[in-house]
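Visitor: Please see the structure below; I have some questions.
No value in this document is a laboratory result; all are computed from the given coordinates. Just so we're clear, the structure is a prediction, and the values are computed from it rather than from any experiment. Heads up, the Cβs are rebuilt from the backbone with ideal geometry, glycines too, and the neighbour counts pull from every protein chain shown.
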Amino acid sequence: MSVALFWDGSFLFGLMAFWALKGASIPFDLITAKDINKDILEDYDVLFVPGGWVREKTEALGERGKEKICQFVKDGGNYLGICGGAGLALKVKGGLSLLGVERKEGKNLANFSGRIKIRAVDHPIWSNLSSVSLYIFWPGHFNVLEPDKINILAYYDEPEPDFLSADINVNDLSRYGDLKRWEDYYKIRLDPRILKGKPAILEGEYGSGKVILSYLHFDTPNDEQGKRVLSNIWQYLSKEKIKRGVVTKPSISKACLPLVEKLEKELKEFIDFGKRNFLWHWRYPWMLSWRKGIRGFHYTTLYMLIMEVAKYIKALSDNKEDEDGKKIRENLERLNKLIPPFLEKARKLLLKERYLLGLKGLGLIVCDDPEIQDIRDELFGRTISYGGRFKEILGCLDNILVPILKAKI
């Protein structure tokens, strides 16, 4: 089977999927919206769309790209969507409407993440697995509109000890009082038992193709159960297809080394800044845990993408430079102009946010402190996803990572 891993709008979640597919020895190619619009999907059996915000994916695809995906599935291709990739397939604004499922409006639990047990139904994707628990990261909720056409493959069950609602470990809270009282205290919904019995993975058909949508991240790094699920899905959706050729690795000049080393140093110092100010800590080797109300996921994404770029630049740099290598160098030069002032202003923002966190709750997007709001708007825009100067930085990182990852280094 040949898998197309759709990159646009995924960033850190795209890297997680990339690592997971390699770790499971599943053959795949990384593709972009530009590739889809060039009819590249006809070479593949499965389109794998990882997490990330739906808006970013739809903006990259445009109407033509969305139509290409729908036609691919209708003609017998298979669609695998995780979290934001699942959201893209739903009947939502800008979505693909592959299944009769909406995103349930409103949050009935504060943004939650960590491992959670599931109740799996009898299905090939659970082969050789029992007592399964998988990771989730701030998912939405499925609202099934056409239950007679949808197979629910897994339901949420009990949370594991590392489960968080917002930045709070609910297992710790439950030891010292009823969770309802804690919810009244924090003024947010915290009790994960409200998830129990709700659908976590769905399957349906669109035309001649299968569609599997999951809010569970079985593409989580170093998760053996997730790896088994991914391998089982690969076997379940397998067909005979001609594999695409190997993409040539870019030739990268040694002039890139000091550029990427400077960025690496800047980001490590920035993460240390947040740690010593008690704003975040490493929850997993690839994900921070941060105080509610700050842009912890965005900072994590920037750090992990820079570390990934640094790893490949150090491995590939030599005395030659091709066209891709030239673009990589130019984008590294641009990042060295963009990132240091961005991080310097982010430090100021974080210290001001830290002060307010000691006084009251802090919203992620809107703040009644005008100076904080101005800096937030400049750095991130007034959106929960990617805006402001941060979006410009991500664009440069995309220009570096895509040619490297396409070669499946």
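Visitor: Would you kindly derive the ³J(HN,Hα) couplings of the stretch 52-58 from the backbone phi angles with the Karplus curve 6.51 cos²θ - 1.76 cosθ + 1.60 (θ = phi - 60°), listing them in order in whole Hz, with x for Gly and Pro?
Guide: x, 7, 4, 4, 5, 6, 5
Visitor: Counting only residues 5 or more places away or on other chains, whose amide H sits under 5 Å from the amide H of Ser253 once H atoms are built in the peptide plane?
Guide: The answer is Asp318.
Visitor: OK, next. Which residues' amide hydrogens lie under 5 Å from the amide hydrogen of Gly381, considering only partners 5 or more residues apart or on another chain, with H built in the peptide plane?
Guide: Amide H neighbours of Gly381: Gly388, Arg389.
Visitor: Determine the percent antiparallel among the DSSP beta bridges restricted to the stretch 1-142, to the nearest 5. Write down the numbers at each step before the final one.
Guide: Numbers: 6 of 17 bridges.
Given both bridge residues lie in the stretch 1-142, the antiparallel proportion sits at roughly 35 percent.
Visitor: Which peptide among 392-403, 46-57, 252-263, 180-191 comes first, and what is the full order, when sorted by highest mean count of other Cβ atoms within 10 Å? Can you show the working numbers first?
Guide: On the way: 392-403: 20.0, 46-57: 25.1, 252-263: 18.3, 180-191: 14.9.
Per-residue Cβ counts within 10 Å, averaged per peptide and sorted highest first, yield 46-57, 392-403, 252-263, 180-191.
Visitor: If you don't mind, there's one more thing I want to ask. What fraction of the DSSP beta bridges in the chain is antiparallel, stated in percent and rounded to the nearest 5? Working shown, then result.
Guide: Details: 31 of 48 bridges.
Of the beta bridges lying entirely in the chain, close to 65 percent run antiparallel.
Visitor: What is the distance in Å between the Cα centres of the stretch 348-400 and the stretch 42-99?
Guide: Between the Cα centres of the stretch 348-400 and the stretch 42-99 lies a distance of 29 Å.
Visitor: Now for a different question. Over the stretch 154-264, what relative contact order in percent results from Cα pairs under 8 Å that are six or more residues apart?
Guide: Values: 76 pairs, mean separation 20.5, N = 111.
Relative CO of the stretch 154-264 lands at 19 percent.
Visitor: Please state the relative contact order of the stretch 1-127 as a whole percent: Cα pairs under 8 Å, 6+ residues apart?
Guide: Values: 184 pairs, mean separation 28.5, N = 127.
Worked out over the stretch 1-127, it gives 22 percent.
Visitor: Ok, one more. What net charge is computed for the residues neighbouring Arg115, neighbours being all others with C-beta under 9 Å from the C-beta of Arg115, Lys and Arg scored +1, Asp and Glu -1?
Guide: Details: positive: Lys117; negative: Glu160, Asp162, Asp223.
Result for the neighbourhood of Arg115: -2.
Visitor: Let me ask another. Ranked highest first by the average count of other Cβ atoms within 10 Å around their residues, in what order do 92-101, 216-225 fall?
Guide: Working: 92-101: 19.2, 216-225: 20.7.
So the peptides 92-101, 216-225, ranked by packing, come out 216-225, 92-101.
Visitor: Give me the net charge for the shell around Pro403: Cβ to Cβ below 9 angstrom, other residues only, Lys and Arg +1, Asp and Glu -1.
Guide: Working: positive: Lys249, Lys327, Lys406; negative: Asp324.
Net charge around Pro403: +2.
Visitor: When percent of Cα pairs over 28 Å apart is calculated directly from the model, which label among (i) 49; (ii) 55; (iii) 59 fits?
Guide: (i)
Visitor: Counting only other residues whose beta carbon sits under 11 Å from that of Ile150, what net charge do I get with K and R as +1, D and E as -1? Don't skip to the end; give the middle numbers.
Guide: Numbers: positive: Lys149; negative: Glu146, Asp148, Glu203, Glu205.
The answer is -3.
Visitor: Also, I was wondering about something else. Nearest 5 percent is fine: what portion of the DSSP beta bridges confined to the stretch 196-344 is antiparallel?
Guide: Working: 10 of 12 bridges.
Once the DSSP bridges in the stretch 196-344 are tallied, antiparallel ones form about 85 percent.
Visitor: Rank-order 29-37, 164-172 by packing density, defined as the average count of other C-beta atoms within 10 Å over each peptide's residues, highest first. Could you put the intermediate results ahead of the total?
Guide: On the way: 29-37: 20.4, 164-172: 18.2.
Sorting 29-37, 164-172 by mean packing, highest first, produces 29-37, 164-172.
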